[in-house]
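Asker: Just passing along the structure, written as structure tokens.
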Amino acid sequence: MSSASSLKPSVLIVEDEAALVELLSYNLEKNGFRTSIARDGEEAILAIAETKPDLVLLDWMLPYVSGIEICRRLRRDPETRELPIILLTARGEEGDRIRGLDSGADDYIVKPFSPSELIARVKAVIRRARPIFDKDALSYADIVMDLASHRVSRGDQSIKLGPTEFRLLRFLLERPGRVFEREQLLDHVWGQDADIEPRTVDVHIRRLRMAINLPGSPNVIRTVRSAGYALEVETDH
Ligand code: CA
């Protein structure tokens, strides 16, 4: 089952020390985050491609390849250039701190740290990167999605959506105007492990349009020929 649709931000913990992994995942989950775990750099790179976390907590001291080196690699790759990264380390020297931030990390936490400090830093970095997680509602044109109650409305009309159409609309509302290929929508809305044909996306887009394009209101999901779909009010010209 993919959890790509969950409203909780996800954190990938990259750490080889089991006790610390447990402490980190316990505290993050208690504070409303989803977590996944990688024990070295190779695992981390694979996990990032598969699960697309919202933030990576990356230990400096890892087997084979250091956290610093992994951080540099992630920054060189256009896919992960913007991925929020917090480096974890036992080192606290000023030189190391600077080296850590030079490698492209967004923040730096020195071990030992308090759980409340950890949570505060994680929240701050995610908020900077994805302001969306701060919101209670998403909206575009006259469409409003209440994230707490899962209610959707257009104008003063309430809209009923199936779970897949809800996730699809939510994904598009977070990124209005951007064009997504079917494969990208499959990865983000259904999850990369989902064994579904790209054509399925068309079926759900059609259902979503039928639900939200009320009589007399303009189509808000634009078909971009040979590319995909975008949330955008369609005009006649
Ligand atoms: Ca370690």
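Asker: Under 8 Å for C-alpha pairs, at least 6 residues apart: give me the relative contact order for segment 136-231, rounded to a whole percent.
Answerer: Details: 114 pairs, mean separation 25.0, N = 96.
Relative CO of segment 136-231 lands at 26 percent.
Asker: Looking only at trypsin sites (Lys or Arg not before Pro) in DSSP loops with at most 10 other Cβ atoms within 10 Å, what is the longest site-free stretch of the chain? Could you put the intermediate results ahead of the total?
Answerer: Values: sites that count: Arg81, Lys160, Arg225.
With a cap of 10 other Cβ atoms within 10 Å, the longest stretch comes to 1-80.
Asker: Looking at Gly95, Ile221, Leu168, which one has the Cα that reaches farthest to the positive end of the dipole of the chain (charges on Cβ: Lys, Arg +1; Asp, Glu -1)?
Answerer: Sorting the options by dipole projection puts first Ile221.
Asker: Using a Gaussian network model of the chain whose springs link C-alpha atoms within less than 10 Å, name the residue from Val203, Val11, Val179 with the highest mean-square fluctuation.
Answerer: Among Val203, Val11, Val179, the largest GNM mean-square fluctuation belongs to Val203.
Asker: A further question follows. If amide hydrogens are placed 1.01 Å from N in the peptide plane, which non-local residues have theirs closer than 5 Å to the one on Ile85?
Answerer: Val56, Asp106, Asp107
Asker: For Asn31, what is the net charge nearby, where nearby means another residue's Cβ is under 13 Å from its Cβ and Lys, Arg count +1, Asp, Glu -1? Write out the running numbers ahead of the final one.
Answerer: Values: positive: Lys8, Lys30, Arg34, Arg121, Lys123; negative: Glu29, Glu117.
With Lys, Arg at +1 and Asp, Glu at -1, the net is +3.
Asker: What does the extension gain come out to for Lys135 and Ile119, with contour length at 0.36 nm per residue minus their alpha carbon separation?
Answerer: Working: separation 16, 0.36 × 16 = 5.76 nm, distance 1.82 nm.
Contour length minus the Cα-Cα distance gives 3.9 nm.
Asker: Full-extension gain between Asn219 and Arg206, please, as 0.36 nm times their residue separation minus the C-alpha to C-alpha distance. Intermediate values should be presented prior to the final figure.
Answerer: On the way: separation 13, 0.36 × 13 = 4.68 nm, distance 1.12 nm.
Contour length minus the Cα-Cα distance gives 3.6 nm.
Asker: With angles folded into 0 to 90 degrees, how steeply does helix 198-212 sit against the dominant principal axis of the chain? Use alpha carbons for both and round to 10.
Answerer: The angle comes out near 60 degrees.
Asker: Can you tell which of Asp193, Asp59, Asp156 shows the greatest fluctuation in a Gaussian network model of the chain with Cα springs below 10 Å?
Answerer: Highest fluctuation of the listed residues: Asp156.
Asker: Report, in cubic angstrom per residue, the convex hull volume of the C-alpha atoms of segment 64-126.
Answerer: Values: hull volume 5.6 nm³, N = 63.
In segment 64-126, the Cα convex hull volume per residue is 88 Å³.
Asker: Divide, for segment 81-237, the radius of gyration over alpha carbons by 2.2 N^0.38 Å, where N is the residue count. Present the calculation step by step, with values, prior to reporting the outcome.
Answerer: Details: Rg = 20.2 Å, N = 157, 2.2 N^0.38 = 15.0 Å.
Ratio of Rg to 2.2 N^0.38 Å for segment 81-237: 1.34.
Asker: Once you charge only the Cβ atoms, +1 for Lys and Arg and -1 for Asp and Glu, what is the size of the charge dipole of the chain about its Cα centre, to the nearest 20 debye? Show your work: numbers first, answer last.
Answerer: On the way: 34 positive and 39 negative charges, 162 e Å.
Roughly 780 debye, rounded to the nearest 20.
Asker: Measure off, as a whole percent, the carbon and sulfur share of the 1.4 Å-probe accessible area of segment 36-114, all protein chains present. Let's see the in-between values first.
Answerer: On the way: 2020 of 3970 Å².
Of all accessible area on segment 36-114, carbon and sulfur atoms account for 51 percent.
Asker: Then there's this: Within a Cβ distance under 15 Å of Glu183, other residues only, what is the Lys/Arg minus Asp/Glu net charge?
Answerer: Working: positive: Lys52, Arg178, Arg182, Arg199; negative: Glu50, Glu79, Glu181, Asp187, Asp193, Asp195, Glu197, Asp202.
Around Glu183, the surrounding residues sum to -4.
Asker: Considering only protein heavy atoms, what per residue accessible area in square angstrom results for the chain with a 1.4 angstrom probe?
Answerer: Values: 12810 Å² over 237 residues.
Result: 54 Å² of accessible area for each residue.
Asker: Report the GluC sites (Glu not before Pro) located in segment 148-189 that are in a DSSP loop and have at most 16 other Cβ atoms inside 10 Å of their Cβ, or state none. Please list the in-between numbers first.
Answerer: Working: sites: Glu165, Glu174, Glu181, Glu183; in loops: Glu174, Glu181.
For GluC sites (Glu not before Pro) across segment 148-189 that sit outside H, G, I, E and B with at most 16 neighbouring Cβ atoms in 10 Å, the list reads Glu181.
The values are calculated or read from the model by the stated rules, or taken from the named source; none is laboratory data. Note that the coordinates shown come from a computational prediction; the quantities given were computed from them, not determined experimentally. A quick note on method: Cβ atoms are made from the backbone with ideal geometry, for glycine too, and the neighbour counts reach across all protein chains shown. For accessibility, only protein heavy atoms count, side chains too; no ligands or nucleic acids. Shrake-Rupley method; radii C 1.70, N 1.55, O 1.52, S 1.80 Å.
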